[in-house]
Amino acid sequence: MLVERTPNGNLLRLASIYKRFINCNSCGVELQSTDSHKKGYFTKCATNYHDTTKKPDMNQIKYAMFSQDIQKLTAAHETDRQKKLESPPICKRCNDALHQNKYNVEDFGKFTYNEIMHNVPEQSNIMHLVSLPEFPLGLNYDLLHDKRYNVDLVLTKADQVIGTKSTLQKEVPSFLKGFLKYHLDVITNKSLAISSVKSWNLDTLYSLLKSRTYLLGNANAGKSSLINALIKKYVGTRVFFDKKGNMFRNNEYEIRNMKQHMKIHSAGVYHVPNMTRNLQAFNINEKIVFDLPGYSNKVNTAYLENIISRDWLQQIRKTELFDSKKIKKKHYISVKGTENGYCYTVGGIFFLVPPKDTINQIVSYIPGQHSKFKSIDKALEVFSECTQPNSTHPLKNFCGLTEATCDKSKFVRYVLPPFQGSIEVVMKDIGYFLLRSTGSYEFKGFYEIWLPKGIEICIREPLEKTIITNYRQFIDSKGKTPSCPNNRPLISSVYPMDHNETDISGKMKEMYLERTSHDLSGRRHRNVDTLKLVNTKSEENHNVYWYYQW
């Protein structure tokens, strides 16, 4: 049980009753300084760096400088030294990951949804955080239908999809309400989108916070970034735990410098997923927010570190590096489909193969250099050369794959269900890109995405365009036309195929019928020839064989 008061009703005093920092300020594990091979190991600040009789350990000094900002440790700067020591320590494992990009992925293992929910009492207030760029991936269908909890849906990182704050405040809530109602059968007004980086909609989110609220979502869903934005806006503070699990706060704390305040009380925001290992609590203007570790939908899938180079992953995961100008400018490149399988890629992380004789526009929101090849085989041959030690290949900077992944057998061939106009292709923990077929509508074949095994993928109608267009129709019709389309699916899973499969249409229909066998209400066009449906553009036949598997 978490407590904040002593039996006589007095608030617990941080400095007088408990040792101040007993947990790593980064991952939350209990700190220890005795065994460097166990988790939570850290170097104490008591090291005497002025002892000239001993040769200094440079690794230890670097660690101390990074983790606790110990600088200028001379007699002339003793006062400054005392101030620096107030910064909370982090364990060596986290320090190496954050500042040197050196870590073992096994040290930050994945949590299952059930493991995380074990820490949440029934009837608790939960904010379910989902990354809007990756929507609907990360959206937990079961949680939204679980009557044991009071759940609000919060879509994060909205500035990576929506161009203006006004759209986020006006059009998006109406769309989300309709989407939850028509496509998930959830009736609620408690849903919104935010941007922690730009402080969009934070006031609205704060109004939804209860006296106790748990933040729940996938790893890197934006939980810690949200907490830091709230701490900065409302001058929040970290809440500490003793070894028995009791919660206490430093009510005598005096803020002298906001930068130092954020350093002590902020939640860790890192490019390494699953770094938060324990529940952490924060006081946001007398509302307690619990930051839970992120969970993974599929814990047995491969770690991205074994698929994609760490330098590229760092680019992808550092959301603060995202250039929001891309949302407004929408610069595109053209890709023409050929008989031999001409393909487009960003670093080899995926390969888009358009149908023969199609001309397509691609707007990529995934960081990294893009390139085009005459075939996937040729691309993997080039990237394999780029990953060799001491390679000087001119396309080395265009390769984001590890050496082991440069093998076609490591890729899954996904076929996209037919679409009209534009779609967005979404990849979990990678990002998304816009795919637009140009010219008058004509079905010329199926689009394929080749993706390394273990990465989730889906497609959706372009979010920003769908939201804005349908909201205008909603206003013009005075509410008669829904702000979220309810006559067709807006999202869909894709269809994995054998590398040598030729009957794509027949195989797709077979998988579609199997997927909808327990959801007949979601089944469309059951007994009609697929090719006959898609050969003519029509609203009725929009998004044939689209179906999302929750």
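Quickly run through region 295-318 and pick out the residues that are out of contact with any Asp or Glu (no Cβ under 9 Å at 6 or more places or on another chain) and closer than 23 Å to Ser196 by Cβ. Selection gives Ser296, Gln314, Gln315, Lys318. Lys177 falls short on exactly one of the conditions (1) closer than 20 Å to Glu424 by Cβ; (2) part of a helix (DSSP H, G or I); (3) in contact with a Cys (Cβ under 8 Å, 6 or more places away or on another chain), and that condition is (1). For region 181-191, residues that are in contact with a strand residue (DSSP E or B) (Cβ under 6 Å, 6 or more places away or on another chain) and either in contact (Cβ under 8 Å) with a residue 40 or more places away in the chain or open to solvent by less than 30 Å² (accessible area, probe 1.4 Å) (or both) total 1. The condition (being touching a residue at least 60 places away in the same chain (Cβ under 8 Å) and either closer than 25 Å to Phe433 by Cα or not aromatic (Phe, Trp, Tyr) (or both)) is satisfied by just one residue among Ser371, Ser364, Ser391: Ser364. Just a yes or no: is a residue in region 226-238 surrounded by fewer than 23 Cβ atoms within 10 Å (Cβ to Cβ), of a type in the set (Ser, Thr, Tyr) and under 21 Å from Asn285 (Cβ atoms)? Yes - at least one qualifying residue is present in region 226-238. Entry remark, region 26-35: residues being open to solvent by 50 Å² or more (accessible area, probe 1.4 Å) and within 31 Å of the chain's Cα centre (by Cα) number 1 in total.
The helices (runs of 4 or more DSSP H) found wholly in region 287-396 and carrying at least 2 residues that are acidic (Asp, Glu), more than 22 Å from Glu134 (Cα to Cα) and open to solvent by 40 Å² or more (accessible area, probe 1.4 Å) occupy 376-386.
The values are calculated or read from the model by the stated rules, or taken from the named source; none is laboratory data. Keep in mind the model is a prediction, meaning the values are calculated, not measured. Don't worry about glycine lacking a Cβ; one is built from the backbone with ideal geometry, like all the others, and counts go over all protein chains shown. Only protein heavy atoms, including side chains, enter the accessible area calculation; ligands, DNA and RNA are left aside. Shrake-Rupley method; radii C 1.70, N 1.55, O 1.52, S 1.80 Å.
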